[in-house]
Amino acid sequence: MPLHVALLVVPKIMYALDLWFTPSYWDGSNNLQHGSIGVAKKLASVQCIIAIAITGAMRTTASNLLEVHANLLPTSLLLQNTCHRAIVHLITHPKTHPLYTLV
(Lines give C-alpha, C1' and ligand atoms only; values in the text may rest on other atoms or scores of the structure.)
Protein backbone atom coordinates (compact mmCIF):
# COMPACT_ATOMS: atom_id res chain seq x y z
CA MET A 1 0.00 0.00 0.00
CA PRO A 2 1.52 3.34 -0.97
CA LEU A 3 1.91 6.16 1.53
CA HIS A 4 -0.90 8.24 0.01
CA VAL A 5 -3.37 5.38 0.62
CA ALA A 6 -2.35 5.29 4.30
CA LEU A 7 -2.85 9.04 4.47
CA LEU A 8 -6.41 8.48 3.30
CA VAL A 9 -7.12 5.59 5.69
CA VAL A 10 -6.01 7.21 8.95
CA PRO A 11 -8.37 10.24 8.72
CA LYS A 12 -11.28 7.91 7.98
CA ILE A 13 -10.49 5.92 11.11
CA MET A 14 -10.22 9.11 13.17
CA TYR A 15 -13.52 10.56 11.92
CA ALA A 16 -15.67 11.79 14.86
CA LEU A 17 -13.14 10.36 17.30
CA ASP A 18 -13.48 13.36 19.60
CA LEU A 19 -17.14 12.52 20.23
CA TRP A 20 -16.73 9.03 21.65
CA PHE A 21 -13.07 8.53 22.53
CA THR A 22 -11.71 9.15 26.02
CA PRO A 23 -7.92 9.59 25.93
CA SER A 24 -6.08 7.08 28.09
CA TYR A 25 -4.21 8.30 31.15
CA TRP A 26 -2.41 6.84 34.13
CA ASP A 27 -3.92 7.19 37.57
CA GLY A 28 -1.29 8.25 40.07
CA SER A 29 -2.53 5.97 42.86
CA ASN A 30 -2.11 2.63 41.08
CA ASN A 31 -0.89 1.07 37.84
CA LEU A 32 -4.27 0.99 36.10
CA GLN A 33 -4.74 2.91 32.89
CA HIS A 34 -8.09 4.62 32.33
CA GLY A 35 -9.89 5.72 29.17
CA SER A 36 -10.83 3.98 25.93
CA ILE A 37 -8.03 1.43 26.12
CA GLY A 38 -9.67 -1.33 24.07
CA VAL A 39 -10.38 0.97 21.16
CA ALA A 40 -6.85 2.37 21.30
CA LYS A 41 -5.39 -1.15 21.10
CA LYS A 42 -7.55 -2.02 18.09
CA LEU A 43 -6.55 1.20 16.33
CA ALA A 44 -2.91 0.44 17.14
CA SER A 45 -3.21 -2.93 15.41
CA VAL A 46 -4.73 -1.25 12.33
CA GLN A 47 -1.91 1.29 12.29
CA CYS A 48 0.62 -1.55 12.57
CA ILE A 49 -0.89 -3.17 9.46
CA ILE A 50 -0.64 0.17 7.65
CA ALA A 51 2.98 0.61 8.74
CA ILE A 52 3.83 -2.91 7.52
CA ALA A 53 2.27 -2.11 4.17
CA ILE A 54 4.17 1.18 3.89
CA THR A 55 7.57 -0.19 4.84
CA GLY A 56 7.27 -3.68 3.39
CA ALA A 57 8.61 -5.14 6.62
CA MET A 58 7.88 -8.56 8.04
CA ARG A 59 4.87 -9.04 10.31
CA THR A 60 7.04 -9.84 13.32
CA THR A 61 8.74 -6.42 13.30
CA ALA A 62 8.02 -4.31 16.37
CA SER A 63 5.22 -1.77 15.96
CA ASN A 64 7.16 1.15 17.39
CA LEU A 65 10.03 0.50 14.98
CA LEU A 66 7.59 0.36 12.06
CA GLU A 67 5.97 3.63 13.09
CA VAL A 68 9.35 5.37 13.15
CA HIS A 69 10.36 4.10 9.72
CA ALA A 70 6.92 4.85 8.22
CA ASN A 71 7.02 8.35 9.75
CA LEU A 72 3.75 7.78 11.66
CA LEU A 73 2.91 9.05 15.12
CA PRO A 74 2.41 6.41 17.80
CA THR A 75 -1.27 5.59 18.14
CA SER A 76 -1.64 7.03 21.63
CA LEU A 77 -0.20 10.38 20.51
CA LEU A 78 -2.28 10.37 17.34
CA LEU A 79 -5.48 9.84 19.34
CA GLN A 80 -4.57 12.49 21.91
CA ASN A 81 -3.64 14.99 19.19
CA THR A 82 -6.97 14.42 17.45
CA CYS A 83 -8.92 15.04 20.66
CA HIS A 84 -6.77 18.06 21.54
CA ARG A 85 -7.28 19.57 18.09
CA ALA A 86 -11.07 19.19 18.46
CA ILE A 87 -11.05 20.84 21.89
CA VAL A 88 -8.97 23.77 20.65
CA HIS A 89 -11.27 24.13 17.66
CA LEU A 90 -14.34 24.31 19.92
CA ILE A 91 -12.75 26.72 22.38
CA THR A 92 -11.69 29.22 19.72
CA HIS A 93 -15.17 29.80 18.29
CA PRO A 94 -16.30 33.44 18.34
CA LYS A 95 -18.92 34.51 20.87
CA THR A 96 -21.56 34.68 18.16
CA HIS A 97 -21.22 30.99 17.31
CA PRO A 98 -24.12 28.77 18.51
CA LEU A 99 -21.74 26.31 20.21
CA TYR A 100 -19.97 29.02 22.21
CA THR A 101 -22.48 28.90 25.04
CA LEU A 102 -22.28 25.11 25.29
CA VAL A 103 -18.51 25.04 25.56
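The values are calculated or read from the model by the stated rules, or taken from the named source; none is laboratory data. Owing to the predicted nature of the structure, the values given are computational and were not obtained by experimental measurement. We place every Cβ from the backbone using ideal geometry, glycine too, and count neighbours over all the protein chains shown. Only protein heavy atoms, including side chains, enter the accessible area calculation; ligands, DNA and RNA are left aside. Shrake-Rupley method; radii C 1.70, N 1.55, O 1.52, S 1.80 Å.
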Working only within the range 65-103, note down all residues that are loosely packed, with under 12 Cβ neighbours inside 10 Å, closer than 28 Å to Trp26 by Cβ and of a type in the set (S, T, N, Q). Asn71
Out of all the residues in the range 51-68, which are assigned to a loop (DSSP other than H, G, I, E, B) and among the charged types (D, E, K, R)? Arg59
With respect to Tyr15, determine if the residue is closer than 21 Å to Arg85 by Cα, at pLDDT below 85, in contact with a strand residue (DSSP E or B) (Cβ under 8 Å, 6 or more places away or on another chain) and open to solvent by 50 Å² or more (accessible area, probe 1.4 Å). no
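Return the residues of the range 40-66 that are within 15 Å of the chain's Cα centre (by Cα) and over 21 Å from Tyr15 (Cβ atoms); say none if nothing qualifies.
Ser63, Asn64
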